[in-house]
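Student: Got a structure for you, written out below as structure tokens; questions coming shortly.
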Amino acid sequence: MTSKPKDWVFTDPRLQQMKQDYAAYTAEDFNVWKILFDRQIVNLPKAASIAYLEGIKEVNFTADKIADFEDVNKRLAESTGWAIQVVPGLIDDDLFFGLMNNRRFCSSTWLRKMEQLDYLEEPDMFHDAFAHMPMLTNQPYVDFLENLSGLALKHIENKWAVEVLSRIYWFTIEFGLIRENGELKIYGAGILSSAGETKYSLSDEPAHYEYDVRKIMNTPYWKDKFQDKYFIIESYEQLYQSLPEIEAVLEEMVAEEAK
């Protein structure tokens, strides 16, 4: 894996012909998007990070229009240089991290059905777009994402190491909290796309911890229910600046696991 050129993902056959067919969205799709958007957007002015609230304006998401990746890509190109890459759903780790190491965020294009409004086994396009894409306008955040993915690629043949690194991704990009002006706010996409977890994550019910690389890398996470613990950063620069520590702790843990 490490012998591949950095941009190998752009010729990967798994991505050929993958694009968003905007004309294929049905009236139900637009209705689902609108219901989900309207239901969650009212919770976010007081709950979401400033970076997210600024980002959703920058990518120009509205309730009445499903996210158009062509337009999103133009806007991201002007802000952070990132772009959206359509993928067929859940993909292998090498392609997932390879794309992000090349500043391409993976997204599906399918939307859940009306009867699936409250639960999905895997993320749909509403989660990928509404929850993730606004944060791609924040430079320290995407720099962290790019370099964390590069670190994952260095260890891509070691599934245990990738699992340990996935805990960093999970407790930051998906379920991270940030302290802004003395208050807890949300930047994790897994929370931002869930009205229920938005309220729960900021309540007194779950445990809240300061951002701690070693603790996170030793903490398993839940995929099928609300998290019972969340980690709080002080800034997105803190995330980016923690990368050397993440690499050092990973190397230490890999060496210990190999004994």
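Student: Kindly write out, for the stretch 201-214 in residue order, the coupling ³J(HN,Hα) from the Karplus curve 6.51 cos²θ - 1.76 cosθ + 1.60 (θ = phi - 60°), rounded to whole Hz, with x marking Gly and Pro.
Tutor: 5, 9, 7, 7, 6, x, 7, 10, 10, 5, 4, 9, 4, 5
Student: Once R0 is set to 22 Å, what does the formula 1/(1 + (r/R0)^6) return for the Cβ-Cβ distance between ASN73 and TRP110, expressed as a FRET efficiency to the nearest 0.05?
Tutor: It comes out at approximately 0.70.
Student: Where Lys and Arg each count +1 and Asp and Glu each count -1, what net charge lies around ASN60 among other residues with Cβ under 15 Å from its Cβ? Don't skip to the answer; put the middle values down first.
Tutor: Working: positive: LYS57, LYS65, LYS74, ARG75; negative: GLU54, GLU58, ASP64, ASP68, GLU70, ASP71, GLU78.
With Lys, Arg at +1 and Asp, Glu at -1, the neighbours total -3.
Student: Still on this structure, I have one more. Under the Kirkwood approximation for Rh and a Cα-based Rg, what ratio Rg/Rh is obtained for the chain?
Tutor: That ratio is 0.95, to two decimals.
Student: Could you rank the peptides 39-45, 7-13 by their average count of other C-beta atoms within 10 Å per residue, with the highest value first?
Tutor: 39-45, 7-13
Student: Sum up the charges of everything whose Cβ sits under 15 Å from the Cβ of GLU163, counting Lys and Arg as +1 and Asp and Glu as -1, but leave GLU163 out.
Tutor: Every neighbour counted, the sum reads -3.
Student: Could you please state, rounded to a whole Å, how far the C-alpha centre of the stretch 1-56 is from the C-alpha centre of the stretch 163-191?
Tutor: If you average the Cα positions of each part, the centres end up 18 Å apart.
Student: Taking 0.36 nm per intervening residue step and subtracting the Cα-Cα distance, what contour gain separates GLU28 from TYR221 on full extension?
Tutor: Gain in length upon complete extension: 66.1 nm.
Student: Quick one: of LYS57/LYS199; LYS113/LYS154; LYS46/LYS159; LYS34/LYS74, which pairs are farther than 29 Å apart, Cα to Cα?
Tutor: Violating the 29 Å Cα-Cα cut-off are LYS113/LYS154; LYS46/LYS159.
Student: Right, another one. Starting from the Cα-Cα distance between GLU157 and LYS65, subtract it from 0.36 nm times their residue separation and give me the gain in nm to one decimal.
Tutor: Full extension of this stretch gives 29.0 nm more.
Student: Considering only the other residues whose Cβ falls under 15 Å of the Cβ of ASN138, what net charge follows from Lys and Arg at +1 and Asp and Glu at -1?
Tutor: -4
Student: Further, regarding this structure: Would you mind putting 125-135, 139-149 in packing order, based on average other-beta-carbon counts within 10 Å, highest first?
Tutor: Listed from highest to lowest mean packing, they are 125-135, 139-149.
Student: Enumerate by residue number the trypsin sites (Lys or Arg not before Pro) in the stretch 206-242 meeting two conditions: DSSP loop (anything except H, G, I, E, B), and at most 13 other Cβ atoms within 10 Å of the site's Cβ.
Tutor: Values: sites: ARG214, LYS215, LYS223, LYS225, LYS229; in loops: LYS223, LYS225.
Passing sites in the stretch 206-242 are LYS223, LYS225.
Student: From the backbone phi of the stretch 222-238, what are the Karplus-calculated ³J(HN,Hα) couplings (6.51 cos²θ - 1.76 cosθ + 1.60, θ = phi - 60°) in whole Hz, Gly and Pro given as x?
Tutor: 9, 9, 10, 7, 4, 5, 9, 8, 9, 10, 10, 9, 9, 6, 6, 4, 4
Student: Where both partners of a DSSP beta bridge lie in the stretch 8-258, what percent of those bridges are antiparallel, to the nearest 5? Don't skip to the answer; put the middle values down first.
Tutor: Values: 5 of 16 bridges.
Rounded to the nearest five, the antiparallel share is 30 percent.
Student: So, one more: Just subtract the alpha-carbon distance of LYS229 and TRP8 from 0.36 nm times their residue separation and send over the number in nm, one decimal.
Tutor: Full extension from LYS229 to TRP8 adds 75.9 nm.
Bear in mind that the values in this text are calculations on the coordinates, not laboratory data. Treat the numbers as computed from the prediction; the structure is a model and nothing was measured. Neighbour counts are summed over all protein chains in view; Cβ atoms, including those assigned to glycine, are modelled from backbone coordinates with ideal geometry.
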